[in-house]
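The block underneath contains the structure these notes are about, expressed in structure tokens.
Values in this text are rule-based calculations from the coordinates and carry no lab data. Not measured: the values here are computed from a predicted model. Every residue, glycine as well, gets a Cβ built from its backbone with ideal geometry; the counts of neighbours run over all protein chains shown.
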Amino acid sequence: MSRKPTLLIVEDEEAIQKGLTDLFVFNGYDVVACGDGEEGLQRALKDAWDCIILDVMLPKIDGFTVCREIRKHSREQAIVMLTAKNSEDDVINGLSLGADDYIAKPFSVRELLLRIEAILRRSGRDRSQSELDLGGFTIDLENLNAELMGDTIQFTRREVDVLLFLKHHESRPVSRRELLNEVWGYNKRTEFDTRTVDIHIAKLRKKIESDPKNPSRLVTIRGEGYKLFSPSSQ
Ligand code: CA
């Protein structure tokens with residue numbers, strides 16, 4: 001890569017902000033850091049970033065609001081939230097608002113670095129396919145939209161990537177681990193404990209299932225993983 005990857009860090013705790021900035025600059029990133037949500041949002045919308053690292057508790061505008069506002073403008077933008085340790089609500093909130101992943105404080109610097117590297121690796125992937133037929137409706141892979149029963153459903157890039165991977169392996173269940181490896185890019189070096197897959201599946205069910213609690217398209221195969229059923233493929 002000739003161009004340095006660009007990273008926006010929105011974090012008000014000075015020690016963490018400085019530590020992260022030094023870490024990523026040392027590892028070859030172009031870093032801009034902001035200490036409050038208002039400035040963070042402005043910077044986020046002004047330029048395209050390879051990734052945004054976004055704290056939850058921020059002065060002026062909190063991280064959830066910043067995430068939601070960014071998503072209104074871009075569903076491509078990679079966003080990783082820094083959540084409080086043991087805060088299930090933070091995690092679910094952040095991912096529901098469209099973050100790609102989260103990392104709980106206090107985090108290991110190595111883990112954060114590996115996660116950001118994984119996200120950047122994934123963003124350079126093949127996008128030759130222009131639509132995804134799920135039987136009954138089709139997702140436009142350019143605009144990340146689908147029309148379903150008169151409604152326009154909007155997806156994030158990551159959600160669509162999950163569906164694409166399941167569709168390409170429709171003949172069998174796909175494990176959580178495999179999704180983490182293939183869709184999030186977390187390879188064997190990165191055995192993280194994360195709920196990001198489960199929460200993405202739950203979000204997708206809300207979007208594509210008529211009864212998300214009893215899914216018929218995106219089904220859990222107990223002990224094996226997730227399996228996609230789309231009528232056109234049967
Ligand atoms: Ca904070």
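Any idea what the relative contact order of region 6-122 is, in percent, if you count C-alpha pairs under 8 Å spaced at least 6 apart? Intermediate values should be presented prior to the final figure.
Details: 193 pairs, mean separation 25.8, N = 117.
RCO, region 6-122: 22 percent.
Between E178, E142, E111, the Gaussian network model of the chain with springs among Cα atoms under 10 angstrom shows the greatest mean-square fluctuation at E142.
Working ranking of peptides 145-157, 72-84 by packing, defined as the average number of other Cβ atoms within 10 Å per residue, highest first, is 72-84, 145-157.
Helix 196-208 axis versus longest C-alpha principal axis of the chain: approximately 50°, rounded to the nearest ten.
Can you give the relative contact order of the chain as a percent, counting alpha carbon pairs under 8 Å and 6+ residues apart? Before the final figure, lay out the partial values.
Values: 354 pairs, mean separation 31.7, N = 234.
It comes to 14 percent, rounded to a whole number.
Partners of K167 within straight-line reach, counting lysines whose Cα lies under 29 Å from its Cα and excluding those fewer than 8 residues away in the same chain: K72, K188, K203, K206, K207, K213, K227. Against the main long axis of the alpha-carbon atoms of the chain, helix 14-26 sits at an angle near 70°. Out of all DSSP beta bridges in the chain, what portion is antiparallel? Express it as a percent rounded to 5. So the antiparallel bridges amount to about 45 percent of the total. Projecting label points 7 angstrom from Cα along Cα→Cβ for S130 and D22 puts them 5.1 nm apart.
Given +1 at the Cβ of Lys and Arg, -1 at the Cβ of Asp and Glu and no other charges, the dipole of the chain around its Cα centre is 680 debye to the nearest 20. Projected over every direction and averaged, the convex hull enclosing the alpha-carbon atoms of the chain yields 13.1 nm².
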